[in-house]
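Colleague: The following block contains the structure, expressed as structure tokens.
The values are calculated or read from the model by the stated rules, or taken from the named source; none is laboratory data. Remember, it's a predicted structure, so these values are computed and weren't measured experimentally. Methodologically, a virtual Cβ is constructed for each residue, glycine included, from the backbone with ideal geometry; neighbour enumeration extends over all protein chains shown.
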Amino acid sequence: MSDVAGMSAADPAEARAGDPALQDRLVALEERVHQLETRLGGGGADIADTAARGGDPVGRDESARPADPPSHEDVFWALEGLKERVPAPGGVLLTGAVEVGAGRLDYQWARPTEHLLETDWTGRADALAALGHPLRMAILRHLLDGERTVAQLVEELELGSTGVAYHHLSALQSGSWVHSPRRGSWALPADRVIPLLTILIALERG
């Protein structure tokens, strides 16, 4: 500050011509001012401007950009496909592709709306009622992992007796949810796996 105050009382040209020491100090000061102007008026301004725009002066990481939200067609691809293939009043599609202990299963079943409205709904009550017990649902979950003997089910589910197991297996069999591929063993029919899993999805509260 003393340098600047001293300069304010004299003409700069006269100072350069009169005092060599003062002239050197003026040259050094001008160089410092020039460097400061370069920083603030050149690269510094660019960096500040880039930061204000939310940019990255070093380089933008494209992988950090948020992904675009999925489109309606991407989310509802099965629904849109059904609407393209089935004219009004439409229909219902049940499909799945799973790998479970029972094996790899690909399944599709569809019915038009008219068929569903004309179907005798009361005739489906027994099949649905067969699922209406927690122990039967537990049996089905174990059979989804693969075929089981009655003895295995009794042990895994701690049923206490084979009579309890046979009682519930009989109810499930009447509803076509299980079958006995060989004496003493029980399994899920392949064509009932996806429908069973679909019922679980239908009961979700989203």
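Colleague: Any residue in the range 169-188 that is among the basic types (Lys, Arg), in the same structural domain as HIS142 (by TED's automatic domain parsing) and surrounded by fewer than 13 Cβ atoms within 10 Å (Cβ to Cβ)? Give the derivation first.
Modeller: Residues of the range 169-188 that are among the basic types (Lys, Arg), as a first pass: 182-183.
If we keep only those that are in the same structural domain as HIS142 (by TED's automatic domain parsing) as well, we get 182-183.
Those still in the list that are surrounded by fewer than 13 Cβ atoms within 10 Å (Cβ to Cβ) too: 182-183.
For the range 169-188, residues among the basic types (Lys, Arg), in the same structural domain as HIS142 (by TED's automatic domain parsing) and surrounded by fewer than 13 Cβ atoms within 10 Å (Cβ to Cβ): present.
Colleague: How about the range 189-206: which of its residues are of a type in the set (Gly, Ala, Ser) and either loosely packed, with under 11 Cβ neighbours inside 10 Å or touching a helix residue (DSSP H, G or I) at 6+ places or on another chain (Cβ under 6 Å) (or both)?
Modeller: Narrowing the range 189-206 to residues of a type in the set (Gly, Ala, Ser): 190, 202, 206.
Correct list: ALA202, GLY206.
Colleague: Identify all residues within the range 73-120 that are among the charged types (D, E, K, R) and touching a residue at least 24 places away in the same chain (Cβ under 8 Å); write none if there are none. Show your work before the answer.
Modeller: Going through the range 73-120, the residues among the charged types (D, E, K, R) turn out to be 73-74, 80, 83-85, 99, 104, 106, 111, 114, 118, 120.
Across the range 73-120, the qualifying residue is only GLU114.
Colleague: Shifting gears a bit: Here is a list: ALA102, ALA127, ALA138. Which entry is in contact with a Ser or Thr (Cβ under 8 Å, 6 or more places away or on another chain), aliphatic (A, V, I, L, M) and surrounded by 13 or more Cβ atoms within 10 Å (Cβ to Cβ)?
Modeller: Values: ALA102 fails: in contact with a Ser or Thr (Cβ under 8 Å, 6 or more places away or on another chain); ALA138 fails: in contact with a Ser or Thr (Cβ under 8 Å, 6 or more places away or on another chain).
Criteria check complete, one pass: ALA127.
Colleague: Something else: Tell me the helices (runs of 4 or more DSSP H) entirely within the range 106-192 that contain at least 1 residues that are aromatic (Phe, Trp, Tyr).
Modeller: Answer list for the range 106-192: 162-174.
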